[in-house]
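Written out below as structure tokens is the structure these notes cover.
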Amino acid sequence: MTTSPTRMDAPTRREQILKEAARLFAERGFHGVGVDEIGAAVGISGPGLYRHFPGKDAMLAELLVGISERLLAGGRLRVAESDGDPAALLGALVDGHIDFALDDRPLITLHDRELDRLKDEDRKRVRQLQRQYVELWVEAVRALHPAADEPEARAAVHAVFGLLNSTPHLRTPLARPALEHLLRNLAHGALASLAR
């Protein structure tokens with residue numbers, strides 16, 4: 001079994017800009033943040049951002065398309081690593097999405113609030129990638145619970161996404177390991193409801 005690649009390098013300036021843009025957009029909304037503020041957050045002038053991005057719209061598109069691409073690529077990697085074991089695959093998908101939900105909370109908020117601000121082609125690309133990611137999950141659920149029909153499996157997958165993607169709204173004192181454990185149990189409980 002191969003392991004997922006980890007990045008040990010320091011983030012590039014472009015990655016730093018995107019991280020701060022996501023945080024600021026999530027906190028104050030896309031229109032509530034100027035390029036000068038994003039630049040200041042990473043130690044460069046606002047106009048210096050234009051060496052990396054043509055504008056805020058491009059940052060938003062890269063953030064939302066980028067996270068959809070990463071989720072799908074991670075899901076496909078987990079499928080490849082599962083060796084056909086549906087329980088292992090579903091566990092890996094749940095764990096990967098929990099990591100996303102806890103590590104990328106600003107992107108979840110950004111997606112919820114600002115997806116409609118993307119250009120049509122970028123919004124369509126995000127939706128296309130999301131549909132492919134959902135299909136990976138639906139296939140995994142149906143492999144583990146063959147008695148579940150496609151609409152039931154799809155509804156369960158969307159319920160799990162709703163649960164996990166609600167993490168930006170959590171105001172809990174739980175430490176990360178305890179929160180991961182809770183989310184994992186809730187997600188698997190929702191999926192286990194398909195067992196007959």
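The values are calculated or read from the model by the stated rules, or taken from the named source; none is laboratory data. Worth saying up front: this structure is predicted, and the values here are computed from it rather than measured. Don't worry about glycine lacking a Cβ; one is built from the backbone with ideal geometry, like all the others, and counts go over all protein chains shown. Side chains are part of the model used for accessible areas, which takes the heavy atoms of the whole protein and leaves out ligands, DNA and RNA. Shrake-Rupley method; radii C 1.70, N 1.55, O 1.52, S 1.80 Å.
Annotations
- If only residues of the stretch 14-40 that are of a type in the set (Lys, Arg) and within 26 Å of residue 96 (Cα to Cα) are counted, the one that is most open to solvent (accessible area, probe 1.4 Å) is 19.
- Residue match in the stretch 66-85 (condition: farther than 20 Å from residue 161 by Cα, among the hydroxyl-bearing types (Ser, Thr, Tyr) and either out of contact with any strand residue (DSSP E or B) (no Cβ under 7 Å at 6 or more places or on another chain) or not in a helix (DSSP H, G or I) (or both)): yes
- Of the set (1) within 29 Å of residue 18 (Cα to Cα); (2) touching a residue at least 40 places away in the same chain (Cβ under 8 Å); (3) open to solvent by 70 Å² or more (accessible area, probe 1.4 Å), all apply to residue 169 but (2).
- The single residue among 87, 190, 156 that is open to solvent by less than 40 Å² (accessible area, probe 1.4 Å), of a type outside the set (S, T, N, Q), over 25 Å from residue 64 (Cα atoms) and out of contact with any Cys (no Cβ under 6 Å at 6 or more places or on another chain) turns out to be 190.
- Search result, residues across the stretch 127-142 that are in contact with a helix residue (DSSP H, G or I) (Cβ under 6 Å, 6 or more places away or on another chain) and over 16 Å from residue 190 (Cα atoms): 129, 130, 132, 133, 136
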